[in-house]
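Here's the structure we're looking at; comments come further down.
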Amino acid sequence: MKTKGVDYGQERKLVCQQLLKSIGIDFERELASIFNELTDEPSNHIQPEYGFVPPFMGGNDIKLIVIGQDPTIRKEERRKNIICTLNLDKQGALRRYVEQQICDNMEISIDNVYATNVFKYFYERPPADTLDVLKKHLSPNLTLLKEELNHFPKVPVITLGEPVLKLLNNDQAKVRYYWRYDRNGEFMRVEAEESKLGRAFYPFCHQPSIRKQFYKDNLKDFCQFVINRN
């Protein structure tokens, strides 16, 4: 899928320049290469005109990696306003979830977070219902994601939401299974040999689901489980 002259936005360019200095990855070049490699799928078109959303890096002392799926919010007119992954540079529901519920329970701050998406660009519509498209487009995006993770080899990795868990594990995977729902066992993680990342990760629900009583009741203990395993 050839693209020309995509304007990524000055604020995103500044984030990319900072990331290049910090971890040595040229995201503008890497995403241009991915765009050129992918075949657009008519069931859910890629929107290169909106550029891509770079990762969020809170500081140099990274203690937690957060992986989301993609930045495709439903209101198209707002897509150009997203500067970095999960909008963690702005106060909002996602930042409050990551900062106040996950980070606080893990005894770290947002400055210790590196957040990235598997797919850093936009689709025409939110692609959770077109997982077949994401599977076709996974390989080059997964290569870049692994390159990012290689810079933080000992840092625990969490994922947000069930679709990304399915992509990185298997189609039957459920977040609640790892949180011992309907089981009397211990909390679990996706082990390295089961993970397409090639390393273990801990599935978390996405922000809207944390309102469910089951996740509320178990969040603190699951965060402690992540701490204890690392």
Can you tell me which residue is nearest to residue 104 (Cα to Cα) among those in the stretch 186-230 that are surrounded by fewer than 14 Cβ atoms within 10 Å (Cβ to Cβ) and within 17 Å of the chain's Cα centre (by Cα)? 208
Checking residue 20 against (1) surrounded by fewer than 16 Cβ atoms within 10 Å (Cβ to Cβ); (2) of a type in the set (A, V, I, L, M, F, W, C); (3) at pLDDT 95 or above, only one condition comes out false. Which one? (3)
Output the helices (runs of 4 or more DSSP H) that fall wholly within the stretch 113-185 and possess 2 or more residues being crowded, with 17+ Cβ neighbours inside 10 Å and out of contact with any Ser or Thr (no Cβ under 7 Å at 6 or more places or on another chain), or say none. 138-149, 162-168, 175-178
Conditions (1) of a type in the set (Phe, Trp, Tyr); (2) modelled with pLDDT under 95; (3) assigned to a loop (DSSP other than H, G, I, E, B): number failed by residue 214: (3)
Provide a single number: the residues in the stretch 47-98 that are in contact with a Lys or Arg (Cβ under 8 Å, 6 or more places away or on another chain), among the hydrophobic types (A, V, I, L, M, F, W, C) and assigned to a loop (DSSP other than H, G, I, E, B). 5
Kindly indicate which of 165, 160, 145 is within 22 Å of residue 53 (Cα to Cα) and free of Cβ contacts under 8 Å to residues at least 40 places away in the same chain. 165
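If you scan the stretch 17-46, which residues turn out to be β-branched (Val, Ile, Thr) and part of a loop (DSSP other than H, G, I, E, B)?
Let us first name the residues in the stretch 17-46 that are β-branched (Val, Ile, Thr), namely 23, 25, 34, 39, 46.
Of everything in the stretch 17-46, those that are β-branched (Val, Ile, Thr) and part of a loop (DSSP other than H, G, I, E, B) turn out to be 25, 39.
Report the residue count in the stretch 18-52 for those that are aliphatic (A, V, I, L, M), farther than 22 Å from residue 132 by Cα and in contact (Cβ under 8 Å) with a residue 12 or more places away in the chain.
Of the stretch 18-52, the ones aliphatic (A, V, I, L, M) are 19-20, 23, 25, 31-32, 34, 38, 46.
Next, only the ones that are farther than 22 Å from residue 132 by Cα stay: 19-20, 23, 25, 32.
Right, trim to in contact (Cβ under 8 Å) with a residue 12 or more places away in the chain and you get 19, 23, 25, 32.
Total satisfying the criteria: 4.
Tell me, yes or no, whether the stretch 202-217 has at least one residue that is among the acidic types (Asp, Glu) and touching a residue at least 24 places away in the same chain (Cβ under 8 Å). Break it down into steps so the answer makes sense when it comes.
Pass one, the stretch 202-217, residues among the acidic types (Asp, Glu): 217.
Narrowing the set further to residues that are touching a residue at least 24 places away in the same chain (Cβ under 8 Å) leaves none.
No, the stretch 202-217 contains no residue that is among the acidic types (Asp, Glu) and touching a residue at least 24 places away in the same chain (Cβ under 8 Å).
The values are calculated or read from the model by the stated rules, or taken from the named source; none is laboratory data. For clarity, every value in this text was computed on a predicted model and none was experimentally measured. Every residue, glycine among them, receives a Cβ derived from its backbone with ideal geometry; neighbour counts consider all protein chains shown.
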